[in-house]
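Data block below; observations after.
The values are calculated or read from the model by the stated rules, or taken from the named source; none is laboratory data. In this text, all values refer to a predicted model and were calculated from it rather than measured experimentally. A quick note on method: Cβ atoms are made from the backbone with ideal geometry, for glycine too, and the neighbour counts reach across all protein chains shown.
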Amino acid sequence: MLSHGDTAQTTRRYSAEDLQAFAGLSGAEPADHVPEPLIAGLVSYLLGVHLPGPGTNYLKQELEFLAPAPLDTVLTASVEVTRLRPEKHLVDLWARCTLPDGTVVCEGRSLVKARDTVA
């Protein structure tokens, strides 16, 4: 069961080879920093695998990208439950991705539909 204040986090380091693979799949030019879709993917991973977890459906996501994420730097993505609406199975979460020095790369709100919610 979910509760207000629950958190989950993951870390990931993207290499030049990862960006080459992303460019090959997306058709985008390889960048000198981690592309925003890969960073947003860390949030998606957390929501779909850890919090709320399997069966989660995205309804809305608003991420603001505040700083570039350098290659070969550990990124820490986290999500926190900020509001539960159990009658509608809705969960609001605050998402954030940071660099090791605390620089916020992106942050914003995610709204999902989840099975197990409590007030």
**Evaluation of S3 against (1) within 20 Å of V79 (Cα to Cα); (2) surrounded by 14 or more Cβ atoms within 10 Å (Cβ to Cβ) (one fails), failing number** = (2)
**Request:** State all residues of the stretch 1-40 that are more than 22 Å from V105 (Cα to Cα) and in contact with a Ser or Thr (Cβ under 6 Å, 6 or more places away or on another chain); if no residue qualifies, say none.
**Result:** L2
**Single residue of E17, E62 found to be exposed (fewer than 13 other Cβ atoms within 10 Å of the Cβ) and in contact (Cβ under 8 Å) with a residue 24 or more places away in the chain** = E62
**Prompt:** R83 is checked against (1) touching a residue at least 12 places away in the same chain (Cβ under 8 Å); (2) more than 23 Å from S3 (Cα to Cα) and fails just one. What number does that condition carry?
**Reply:** (2)
**In the stretch 92-115, the residues that are under 13 Å from T56 (Cα atoms) and either in contact with an Asp or Glu (Cβ under 7 Å, 6 or more places away or on another chain) or part of a strand (DSSP E or B) (or both)** = D92, L93, S110, L111, V112, K113
**Message:** Out of the residues in the stretch 73-119 meeting the condition of being acidic (D, E) and modelled with pLDDT of 95 or more, tell me which one is surrounded by the fewest Cβ atoms within 10 Å (Cβ to Cβ).
**Reply:** D101
